[in-house]
Amino acid sequence: MSSFIIYPAIDIRGGKCVRLIQGDYNQETVYNDSPLAAAKAWEDQGGSYIHLVDLDGAKAGHPVNDEVIGAIASGVNVPVQVGGGLRTVDDVKRLLSLGVNRVIIGTAAIEDRAFTEEVLGTYGDKVAIGIDARNGYVATRGWLETSEVKAEELAKELASKGAETFIFTDISRDGMMQGPNVDAIVALAKSSGRTVIASGGVSVMDDLVRLNQYRQEGVGGAIVGKALYTGSIDLAEAVRTLK
């Protein structure tokens, strides 16, 4: 594993950059009226990859904020990955045509296996699988529902179908500034034999340092949201520290 990447998170809702607490659409903070301005700011501070979530898309079941996403993809000089409501091959194709480097399949990885296998077969490493777990079981539909599928089993199965990258979120940690579930992240990387990006709960520099220790086991980076916006992690300093 050559590098540990910090992914600044930009959650888009109603065209603005927001954060939700544990995926609750009623608990929203607007951090920037312009997601593009936020993306440029993170790039300026050393961000080498931007993570976008189309929150409206996650709720609607299809991408909604294409215009904003396209503006960011063409407005920064670093790669961009996007998740939120991707359920069809056309959705994937369209976002990639906007200049997005990698799309994230979440709910559909559980609910539509044929689609998931098709996009993995067609687009390979341009597709990441987002696994959001509650007590070890995969949650779907913007975390509103919990399936009966274990996170590690899903990762193993999809790795055999061509998945190279997983984004793992322990929902109980997201937005709560309690630190990531390192054990679960490392277990997923080991069981799948693929790269896992940690998401949810990263709140202080020490969280990133801890995750970075498992780089050789397949922990390839971390998505950081609230901690960057509140200033509890300084992106430029974090990038320097983890080089």
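The values are calculated or read from the model by the stated rules, or taken from the named source; none is laboratory data. Quick caveat, the model's predicted, so the values are computed rather than measured. Here the Cβ positions follow ideal geometry from the backbone for every residue, glycine too, while neighbour counts run over all protein chains shown. Accessible surface areas use protein heavy atoms only, side chains included; no ligands, DNA or RNA. Shrake-Rupley method; radii C 1.70, N 1.55, O 1.52, S 1.80 Å.
Give the percent of DSSP beta bridges with both residues in the chain that are antiparallel, rounded to the nearest 5. Before the final figure, lay out the partial values.
On the way: 13 of 45 bridges.
DSSP beta bridges in the chain are roughly 30 percent antiparallel.
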**Asked** With each label point set 7 Å from Cα along the Cα-Cβ vector, what nm distance links residue 28 and residue 117?
**Response** 3.8
**Request:** In debye, nearest 20, what is the charge dipole magnitude of the chain about its Cα centre with +1 on Lys and Arg Cβ and -1 on Asp and Glu Cβ, if you could check?
**Result:** 360
**Request:** Could you tell me which helices of the chain pass both thresholds, a Cα extent of 30 Å or more along their own axis and a mean Kyte-Doolittle hydropathy of at least 0.0, with helices taken as whole DSSP H runs?
**Result:** none
**Item:** Burial ranking of peptide ranges 27-37, 220-230 (average Cβ count within 10 Å, highest at the top)
**Value:** 220-230, 27-37
**Request:** At 0.36 nm per residue, minus the direct Cα-Cα distance, what do residue 236 and residue 97 gain on full extension? Give it in nm, one decimal, please.
**Result:** 47.0 nm
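Leaving ligands, DNA and RNA out of it, report the carbon-plus-sulfur percent of the accessible area of the chain at a 1.4 Å probe. Could you put the intermediate results ahead of the total?
On the way: 4460 of 10110 Å².
The C+S portion of the solvent-accessible surface of the chain is 44 percent.
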**Request:** Return the label of the correct value of semi-axes √(5λ) of the Cα gyration tensor in Å, as calculated from the structure shown, out of (i) 23, 21, 17; (ii) 32, 20, 18; (iii) 26, 20, 19.
**Result:** (i)
**Request:** Quick one: check the C-alpha center-to-center distance for region 93-109 versus region 57-71, whole angstrom.
**Result:** 10
**Message:** Explain nothing, just the number: dipole magnitude of region 1-50 about its Cα centre with +1 on each Lys and Arg Cβ and -1 on each Asp and Glu Cβ, in debye rounded to the nearest 20.
**Reply:** 40
**Request:** Taking only protein heavy atoms into account and a 1.4 Å probe, give the accessible area per residue of region 1-152 in Å².
**Result:** 43
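Just to confirm, what accessible area per residue do you get for region 183-243 at 1.4 Å probe, in whole Å²? List each step's numbers first, then the result.
On the way: 2490 Å² over 61 residues.
Spelled out: the 1.4 Å probe surface of region 183-243, per residue, equals 41 Å².
Only bridges with both residues in region 11-97 count here: give the DSSP antiparallel percent, nearest 5. It would help to have the intermediate numbers written out before the result.
On the way: 8 of 14 bridges.
Looking only at bridges with both residues in region 11-97, the antiparallel portion is about 55 percent.
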**Complete:** From the Cα centre of region 178-199 to that of region 1-51, the distance in Å is 21
